[in-house]
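What follows is a single structure, written as structure tokens, with notes after it.
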Amino acid sequence: MREQGGNFHYGKFHPMKPHRLTLTNHLVLNYGLHKYMDVFEPRRATEEEIREFHADNYIDFLKRVTPDNQNEFTNYFSEFNIGDDCPIFDGMWDFCRIYSGASIEAARKLISGSADIAVNWMGGLHHAKKYEPSGFCYVNDIVLAILQLLRFYPRVLYVDIDIHHGDGVQEAFYTTDRVMTCSFHKYNGDFFPGTGSIDEMGSGLGKFFAINVPLQDGIDDNSYTQLFKTVMTAVMETFKPGAIVLQCGADSLGLDRIGVFNLSISAHGECVRFMRRFGIPMMVIGGGGYTIRNVARCWTYETGIVCGTELPAALPNTIYNEFFTPDYSLHPQLSGRVINHNSRAYLNALTARILEQLRYLKGAPSVQMQESPPDIQGFLETEESQKSDVQNDRLKDSREDRTGRREHVAEFYESDHDQDAEDDGQNMEV
């Protein structure tokens, strides 16, 4: 976008730093990855598109409230979960429209066949609920994108490797068999958002279609990737999705400001590489990640993976070199800070439980399904409007080289040391 998502600012002491998107963009461009993919300028999501999932009164609130007039809306703050985690900030509604519009357009690229993999690192805000924001997330772009995909694909698989449970997406599709949600996350009952027990399996037609993989602190590369591949192989064989949405929250990396895992960038990327090998249309999106220099490294590395390109370990020069001191490497040492509390016995038992759950499904649901997920009755477009969307996509498609782009004057960044600091007593998590 001309007004990049990285220009927005949640607040000086807030751990969510959209500037990580700017760092990622510069690394991607200076590695030359734009030469291996088509780069599109998505439009902002329309209000009507966002209302396809979110409640009218909540959207009316998001549209109207600003830092300048928020005192007029304080009576609504508790109703809409406004506070330290989800503050009112300048341009908030526009920010929501930008990242949501990009995810909606990514889904449409897959549907139209103009892309086999679509990437939107702005997206992945998996905690937002129908009626309220949650965990730094205001509009659930993932749900909006999956609703688009369900117009064309009988079954959609959602995979989440953020350290936090993908609760907003699971909740949206908890009663349908057309979307399977599979989340790998820390769970102890207290860690935000407090959901994601292995016993949360879906209900009604969606019974057994919610897969949760609850993990303990400190899981390492080998344990995580082995578990991921075992579970996802069984999921793919059982569910047989037509499209995949992969949320790549980078707070599951070691040394994250909020996270407590020991994953390297290579291991995180191996999950992306593994899902890419299935050759199924896939949307790759961002999510959490609060040590922003490592978020940028991770998403750049994973952009290389989806492009089928190996990147040299030495980072290219950018105007943000100071963020990547002292090693200037794509693969810094990130493991070892947290003791691994995931025993082999625990992981084996966890795997067995999940495989047993999948056996209850007895194969993929029928293509001739009559039940639609909540809130999409009457949502399908007419054939004429679908053709119009595809034509509009083709008209907008262009390849762009922005290596020499000047920076927007509103771009904000602080010293990278901010990402290593304590939260000054605040317990904000996503």
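Go through the range 28-42 and give me each residue that's assigned to a loop (DSSP other than H, G, I, E, B) and either within 13 Å of Phe95 (Cβ to Cβ) or open to solvent by 40 Å² or more (accessible area, probe 1.4 Å) (or both).
Met37, Asp38, Phe40, Glu41
Looking at the range 71-79, can you tell me whether even one residue there is modelled with pLDDT of 95 or more and on the phi > 0 side of the Ramachandran plot?
Checked against the condition, which is being modelled with pLDDT of 95 or more and on the phi > 0 side of the Ramachandran plot, the range 71-79 yields no hits at all.
How do the pairs read when you match residues in the range 284-300 that are within 19 Å of Val139 (Cα to Cα) with residues anywhere that are crowded, with 24+ Cβ neighbours inside 10 Å and modelled with pLDDT under 95, using Cβ under 9 Å and keeping only pairs 6 or more apart or on different chains?
These pairs meet every condition: Gly287/Val430; Gly288/Val430.
Looking only at the range 318-368, which residues are farther than 19 Å from Asn212 by Cα and open to solvent by less than 50 Å² (accessible area, probe 1.4 Å)?
Selection gives Thr318, Tyr320, Asn321, Phe323, Phe324, Ser329, Leu330, Pro332, Leu334, Val338, Pro365.
Look at Val119 and say whether it is at pLDDT 95 or above and within 17 Å of Gly289 (Cβ to Cβ).
Considered against the rule, which asks whether it is at pLDDT 95 or above and within 17 Å of Gly289 (Cβ to Cβ), Val119 comes out as yes.
Restricting the search to the range 238-260, which residues are of a type outside the set (Lys, Arg), within 25 Å of Pro18 (Cβ to Cβ) and assigned to a loop (DSSP other than H, G, I, E, B)?
Cys248, Gly249, Gly254, Leu255, Asp256, Ile258, Gly259, Val260
For the condition under 22 Å from the mean Cα position of the chain (by Cα) and of a type in the set (Lys, Arg), what is the one hit in Arg44, Arg64?
None of the others qualify; the one that does is Arg44.
Have a look at Asn348, Asn342 and point out the one that is modelled with pLDDT of 95 or more and in a loop (DSSP other than H, G, I, E, B).
None of the other options fit; the residue is Asn342.
Given the options Leu62, Leu125, name the one that is over 23 Å from Trp299 (Cα atoms) and aliphatic (A, V, I, L, M).
Result of the check over Leu62, Leu125: Leu62.
Kindly provide the set of residues from the range 139-192 that are within 13 Å of the chain's Cα centre (by Cα) and part of a loop (DSSP other than H, G, I, E, B), ordered by number.
Val139, Asn140, Ile161, Asp162, Ile163, His164, His165, Gly166
Name the pairs whose Cβ atoms lie under 6 Å apart, with the first residue in the range 16-28 and touching a residue at least 24 places away in the same chain (Cβ under 8 Å), the second buried (at least 23 other Cβ atoms within 10 Å of the Cβ) and of a type in the set (Gly, Ala, Ser), and 6 or more positions between them or separate chains?
What qualifies is Pro18/Gly6; His19/Gly6; Arg20/Ala296; Leu21/Gly6; Thr22/Gly6; Leu23/Ala296; Thr24/Ala296; Leu27/Ala296.
Just checking, which of Gly206, Gly249, Gly269 is crowded, with 20+ Cβ neighbours inside 10 Å and touching a Ser or Thr at 6+ places or on another chain (Cβ under 6 Å)?
Just one listed residue meets the conditions, Gly206.
Counting only residues that are touching a residue at least 60 places away in the same chain (Cβ under 8 Å), polar (S, T, N, Q) and under 24 Å from Asn7 (Cβ atoms), how many does the range 76-118 have?
Going through the range 76-118 one residue at a time, the tally reaches 1.
Got a sec? Which of Asn25, Asn71 is open to solvent by 10 Å² or more (accessible area, probe 1.4 Å), in a helix (DSSP H, G or I) and closer than 23 Å to Gly287 by Cβ?
Unique residue meeting the criteria: Asn25.
Looking at the range 233-251, I want the residues that are over 24 Å from Cys298 (Cβ atoms) and have a partner that is modelled with pLDDT under 95 and not hydroxyl-bearing (Ser, Thr, Tyr) with Cβ atoms under 6 Å, at least 6 apart or on another chain. Which pairs are those?
From the range 233-251, the pairs are Thr238/Leu361; Phe239/Ala364; Lys240/Ala364.
Only one of these is open to solvent by 10 Å² or more (accessible area, probe 1.4 Å), over 16 Å from Leu347 (Cβ atoms), touching a residue at least 60 places away in the same chain (Cβ under 8 Å) and among the acidic types (Asp, Glu): Asp177, Asp190, Asp217. Name it.
Asp177
Surrounded by fewer than 23 Cβ atoms within 10 Å (Cβ to Cβ) and either in contact with a Leu (Cβ under 8 Å, 6 or more places away or on another chain) or modelled with pLDDT of 95 or more (or both): is that true of Phe184 in this structure?
No; evaluated as a whole, the condition is false for this residue.
When you check Val156 against the structure, is it open to solvent by less than 20 Å² (accessible area, probe 1.4 Å) and out of contact with any Gly (no Cβ under 8 Å at 6 or more places or on another chain), yes or no?
no
Among the listed residues Ile211, Ile146, identify the single one that is closer than 27 Å to Glu49 by Cα and either at pLDDT 95 or above or acidic (Asp, Glu) (or both).
Ile146
Among the numbered conditions (1) open to solvent by 10 Å² or more (accessible area, probe 1.4 Å); (2) within 18 Å of the chain's Cα centre (by Cα), tell me where Ser223 comes up short.
Of (1) open to solvent by 10 Å² or more (accessible area, probe 1.4 Å); (2) within 18 Å of the chain's Cα centre (by Cα), only one is false for Ser223: (2).
Could you list all residues from the range 74-88 that are touching a helix residue (DSSP H, G or I) at 6+ places or on another chain (Cβ under 9 Å) and outside any loop (DSSP other than H, G, I, E, B)?
Once the filter is applied, which keeps residues that are touching a helix residue (DSSP H, G or I) at 6+ places or on another chain (Cβ under 9 Å) and outside any loop (DSSP other than H, G, I, E, B), the range 74-88 yields only Tyr76.
Hey, Ala45 hits all of (1) in a loop (DSSP other than H, G, I, E, B); (2) at pLDDT below 95; (3) surrounded by 18 or more Cβ atoms within 10 Å (Cβ to Cβ) but one; which does it fall short on?
(2)
The values are calculated or read from the model by the stated rules, or taken from the named source; none is laboratory data. Please read these numbers as outputs of a predicted model, since none were measured by experiment. When we count neighbours, we look across all protein chains shown, and the Cβ atoms used for this are built from the backbone with ideal geometry, even at glycine. In case anyone asks, the SASA skips ligands and DNA or RNA and just uses the protein heavy atoms, side chains included. Shrake-Rupley method; radii C 1.70, N 1.55, O 1.52, S 1.80 Å.
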